[in-house]
Amino acid sequence: MDAFAKALGLGCKPHIQGAERTDGQSAFHAGAFLKPCASKSIPWLSMDTLQPPRSSGSVAQKQSMRRMAAMVDLCLAIDSVLNTRGQKALKRHDPRTLTRSRRLHQAIRTASHEDIDYGRFQSNPFRQGIFDEITRVLRFGNLGTCVAVSRGQAEKLHLDLNDDKAIYTSIIVLGKSGELWNSSRHQGHLYLPTLGVMVPMTVGDMVFFNASELPHLVIKLDEADKHKRTIVTTFTCAQRADVLEHPPAFCLPWMRP
């Protein structure tokens, strides 16, 4: 994906470096989150999306703006892929879930800036024409409220317990057509052990599954093959969905401290 290569070339870095369950490159997480342990009471835009300055001064600020603009381009590129192919696949196999996901994104579009902390996005600091509205940047094909993007991708066995159970996690594999990697030992496959299923994932493949209820792992690619594919994973933050769909009375904007 050219937009991802551009973001990496400009020095974009994931805010959280690695995790116990991750092998290889740390993923970028774009979108808005709300975690139970967080100090904030409303969803906030991820640091990976905002790419904050790494030092003080005007040069660092300009570099940060360029990196944030590259992340905007990446989000829009992901949306352009998922908005057609991803929605079409989900509509064919599970239209009810697609309807719920679209309803959630409608709630996001109508939410005020008091309901979601967009950080520097809030003042739309980009030149005119880069994007029409914040919510379009974070639409991700109406398939999720967040995306994880990484090269190669390999993960140890885990559950994504903060993902919404009513909306699928989706994985799409991007890369150059015909550029294959060694999969003789199932390298790059998605493994769902409780189902006893090993899912091959080659360029162009897309998988929908419930990542909060099905333990899963992705088998490591050979080191020489990791550059050959980019993995885009969409997911919906369960706490964010709950706040937007069922806002408690005590959380009304005018009642917040």
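The H on the amide N of SER212, modeled in the peptide plane, is under 5 Å from the matching H of ASP160, each at least 5 residues off or on a different chain. Per-peptide packing, taken as the mean over residues of other Cβ atoms within 10 Å, places 53-65, 180-192 in the sequence 180-192, 53-65 from highest down. Quotient of the Cα radius of gyration of the range 129-230 and 2.2 N^0.38 Å, N being its number of residues: 1.18. Per the Debye formula on identical point scatterers at the alpha carbon atoms of the range 194-244, with no solvent, log10 I(q)/I(0) at q = 0.20, 0.27 Å⁻¹ is -0.92, -1.25. Ordering ASP163, ASP2, ASP225, ASP242 from the fewest to the most neighbouring beta carbons within 10 Å gives ASP2, ASP242, ASP225, ASP163. Cross-link partners of LYS62 among lysines, defined as those whose alpha carbon lies under 30 angstrom from its own and excluding same-chain residues fewer than eight positions apart: LYS6, LYS13, LYS40. Amide H contacts for GLY188 (H built 1.01 Å from N in the peptide plane; partners 5 or more residues away or on another chain; cut-off under 5 Å): ILE219, LYS220, LEU221. Each label point was placed 7 Å from the Cα along the Cα-to-Cβ direction; for ASP222 and LYS165 their separation is 4.2 nm. Kirkwood radius for the range 55-106, taken over all pairs of different Cα atoms as the inverse mean of 1/r, rounds to 13.4 Å.
A short reminder: the numbers here are calculations on the coordinates, not readings from a lab. Everything numeric in this text was worked out from a predicted model, so none of it was measured. For neighbour counting, all protein chains shown are included, and Cβ atoms are generated from backbone atoms with ideal geometry for every residue, glycine included.
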